[in-house]
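Below is one structure; the comments refer to it alone.
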Amino acid sequence: MPRKALITGVTGQDGSYLAEFLLQKGYHVSGLVRRSSSLTLDRLSNVIDQIDLVSGDLLDQNSLSAAIERTEPDEIYNLAAQSFVATSWQQADLTGQFTALGVSRLLEAARLANPQVRFYQASSSEMFGSTNPPQNELSPFHPRSPYAVAKVYGHYMTQNYRESFGMFACSGILFNHESPRRGLEFVTRKVTNAAARIKLGLQRELRMGNLNAKRDWGFAGDYVEAMWMMLQADSPRDYVVATGISHSVEELLEVAFRHVELDYREFVRIDSALIRPAEVDYLCGDSTRAREALGWRPRTSFEELIAMMVEADLENNRRNPHSAKTTAGF
C-alpha cells in the first residue's frame, strides 16, 4: 500500500512542488481545495490527473474532519495560509483566521481522526522579524506584521499539540523560497517579471520600496524535500530551512536585470507607498540542525534561481505579452 499524504494549499507554489515530489516517492496524494469559482490549477498542470482533490476550508473544522476521514492520510502538510505580508496589513482579521486559527482547526481535526498521523506546519522566517541574524530554532520571535504574528500562533499551537497529545507534529521554519511558480505579488517574481517585460519592450519602469532589506532566498523545489524529511525522522522537531546566505533587494534587482543585459538603475523608481509599516531588515537562516539531523542541503544558488525565474518570465511574456503587471511592494 502506498503511503498517503494530504496537502493543504496544494494549488500554491509549495503545494505544487510538494505534490510532484511525493508522487515521485510513490505516495497517493490528496490536495485540499476551497470551493471557489476562481479555483486556479495552473501550477498543478503536470500532475493534476495524478492527485485527488478534496473539498475543505481552514475556516471550517467540520470540512477538515471530513477531508481527513475521506483521505485517511499518513502525513498532513499544512501549507495553506494568507501568505502575502502586505495584504495582511489590510486584512489582519482574515489573515488570523486562515494563518493562525486554521492551524488549530486542522490540528484538532487530525487529532480526532488519527492521532498517529504525522503533521507538518509551514512556519515562516517572518516570525523572527527584527531578531538579529543568523536566526535558528532557538532565536526569539519578534513578528513585525499581522502575517508573522499569525504564523507564530500556528507555530506554537503545533508545538503545543506535540507536547500535550504526543502527536508527531513539527514545523519547518522556512526562509524565503522562490520559483517561477511564485505569485506576481511577491518581490522576487515582481522583479524577474519586470526585467523580462522591460527587456521585451512591454514595460518601461519598475516601482519598488525598500531596496536595503536583506533576505535568505532559496529554491522552493529544494525546500519541499526538507518538509518531507522532517516527517520521516524518528521523532518530531522543528527545523530552520535556509541557505545561510542573504542578499539585498538591490542585489536581486542587479542579478535579474543583468541576466537580460540591462542596468536596473535606469528603470527602477522608489515609491514610498510600497514600504512596509514595520520593516524586517535582515533575515539569514542557520539551518545547521536540518543539515546535521536530516542531511538536507540546498542545491540551487541564488544566481541560478533568479536566472531560472527570469527565463521563465521571458517565455511567459513572449507567449502572453498582455499579462497583468504587478505594483505590489516588498
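The values are calculated or read from the model by the stated rules, or taken from the named source; none is laboratory data. Everything quoted here is computed from the prediction, not taken from an experiment. Heads up, the Cβs are rebuilt from the backbone with ideal geometry, glycines too, and the neighbour counts pull from every protein chain shown. These accessible areas exclude ligands, DNA and RNA; they are computed on the full protein's heavy atoms, side chains included. Shrake-Rupley method; radii C 1.70, N 1.55, O 1.52, S 1.80 Å.
Hydrodynamic radius of the chain by the Kirkwood approach over all distinct alpha-carbon pairs: 20.2 Å. Computed from Cα atoms, the angle from the helix 302-319 axis to the main principal axis of the chain rounds to 80 degrees.
For Ser124, the residues whose amide H sits under 5 Å from its own are Leu174, ignoring neighbours fewer than 5 places away on the same chain, with H placed 1.01 Å from N.
Sequentially through region 282-296, phi angles give Karplus couplings (6.51, -1.76, 1.60; θ = phi - 60°) of 8, 10, 8, x, 10, 9, 4, 4, 5, 5, 7, 7, 9, x, 7 Hz, Gly and Pro residues having no value and appearing as x.
In this structure the amide hydrogen of Asp286, modeled in the peptide plane, comes within under 5 Å of the amide hydrogens of Gln135, Asn136, none closer than 5 places in sequence on its chain.
Each residue of region 225-232 was assigned a 3J(HN,Hα) from its phi angle through the Karplus expression (A = 6.51, B = -1.76, C = 1.60, θ = phi - 60°), giving 5, 5, 4, 5, 4, 4, 7, 9 Hz with x at Gly and Pro.
Under a GNM of the chain (C-alpha, springs under 10 Å), which listed residue has the highest mean-square fluctuation: Val268, Val224, Val255? Highest fluctuation of the listed residues: Val268.
Apply the Kirkwood formula to region 1-124: the hydrodynamic radius equals the inverse of the mean of 1/r over all pairs of different alpha-carbon atoms; give it in Å with one decimal. Averaging 1/r across every pair of different Cα atoms and inverting gives 14.6 Å.
Positive-end ranking of Ser125, Gly295, Gly285 along the dipole of the chain, with charges on Cβ about the Cα centre, is headed by Ser125. Against the longest principal axis of the chain, how steep is helix 146-165, in degrees 0 to 90 to the nearest 10, with axes from Cα atoms? Orientation of helix 146-165: about 20 degrees from the principal axis. The helix-based estimate of mean residue ellipticity at 222 nm for the chain, built from -39,500 (n - 2.57) per DSSP H run of four or more residues and divided by its residue count, is -11500 deg cm²/dmol to the nearest 500. Taking Ser235, Ser287 and ordering them by how much accessible surface each has at a 1.4 Å probe, largest first, produces Ser235, Ser287. Computed from phi, the 3J(HN,Hα) profile of region 63-75 under the Karplus parametrisation 6.51, -1.76, 1.60 (θ = phi - 60°) reads 5, 5, 4, 5, 5, 5, 5, 6, 8, 6, x, 7, 9 Hz, with x in place of Gly and Pro.
Taking amide hydrogens as placed 1.01 Å from N in the peptide plane, the amide H of Arg118 sits under 5 Å from those of Glu75, Ile76, each at least 5 positions away in sequence or on another chain. Listed by chain and number, the lysines whose C-alpha is less than 28 Å from the C-alpha of Lys190, apart from same-chain residues fewer than 8 away, are Lys151, Lys199, Lys214, Lys325.
Bridging of Lys25 to lysines at a Cα separation below 27 Å is possible for Lys4, once same-chain residues fewer than 8 apart are set aside. Phe219 exposes around 30 Å² of accessible area when a 1.4 Å probe is run over every protein chain in place.
Could you look at region 200-330 and say what percent of its accessible area is carbon and sulfur, using a 1.4 Å probe and all protein chains?
On the way: 2820 of 6240 Å².
That fraction is 45 percent.
Per-atom-type breakdown for region 1-56 gives carbon and sulfur 44% of the accessible area (1.4 Å probe, protein chains only). Taking all protein chains as they are arranged and a probe of 1.4 Å, the heavy atoms of Arg34 leave approximately 120 Å² accessible to solvent.
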